[in-house]
Amino acid sequence: MREPNDCAPGRRASVALTVAEADTASALGSGDLPVLGTPRVVALCEQAAVAALGDCLHESQTSVGSWLEVDHLAPTPLGEHVVAEAVLLGVHGRRLEFSITVTDGREQEVARCRHRRVVVDRESFGQG
């Protein structure tokens, strides 16, 4: 497997979400309150990490999540806007390390995350 093209530390990207009913803990089964659910925070963090990679991988490659540590720090009600910003901290062969921060419309920290992705060959992944 070839090493990633230009996946240099410092790459970053943000993704945004306005909390809808489907994003809540009660809808996701992770609680019974109508606030942003932790599973949706995790998905948002992964989306931001993928976006930060942009086009730095070869066309024959993709990345898969392999580890995530999240601190979900504050509740976010329906209709509130949140932004997850991912920063690529390090590239260790096929392993990519990210730091991700989720903030709300008041720039309050909602969550912080450390995330690891692994570069894999699209064609052979899952055939093994």
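The values are calculated or read from the model by the stated rules, or taken from the named source; none is laboratory data. Quick caveat: nothing in here was measured; it's all calculated off a predicted structure. Cβ: placed from backbone, ideal geometry, glycine included. Neighbour counts: every protein chain shown. These accessible areas exclude ligands, DNA and RNA; they are computed on the full protein's heavy atoms, side chains included. Shrake-Rupley method; radii C 1.70, N 1.55, O 1.52, S 1.80 Å.
Across C56, C45, C113, mean-square fluctuation computed from a Gaussian network of the chain (C-alpha pairs under 10 Å connected) peaks at C56. On the principal axes of its alpha-carbon atoms, the stretch 38-94 has extents of 40, 20, 17 Å, going from largest to smallest.
Does anything in the stretch 94-113 have its amide N under 16 Å from the 7 Å Cα→Cβ label point of S30, and if so which residues? Counting only backbone N, you get 100-104, 110-113.
With springs only between Cα atoms under 10 Å apart, run a GNM on the chain and tell me which of R114, R40, R94 wobbles the most. Of the options given, R94 has the highest mean-square fluctuation. Each residue, H81 and R95, gets one label point 7 Å from its Cα in the Cβ direction; the gap between the two is 3.8 nm. Surface composition of the stretch 87-128: carbon plus sulfur atoms contribute 40% of the solvent-accessible area (1.4 Å probe, protein chains only, all chains present). Taking the convex hull of the alpha carbon positions in the stretch 1-124 and averaging its projected area over all directions gives 7.6 nm². What angle do you read, to the nearest 10 degrees and between 0 and 90, between the alpha-carbon axis of helix 38-53 and the longest principal axis of the chain? The angle comes out near 40 degrees.
Using the 1.4 Å probe convention, the accessible area of the chain works out to 53 Å² per residue with neighbouring protein chains retained.
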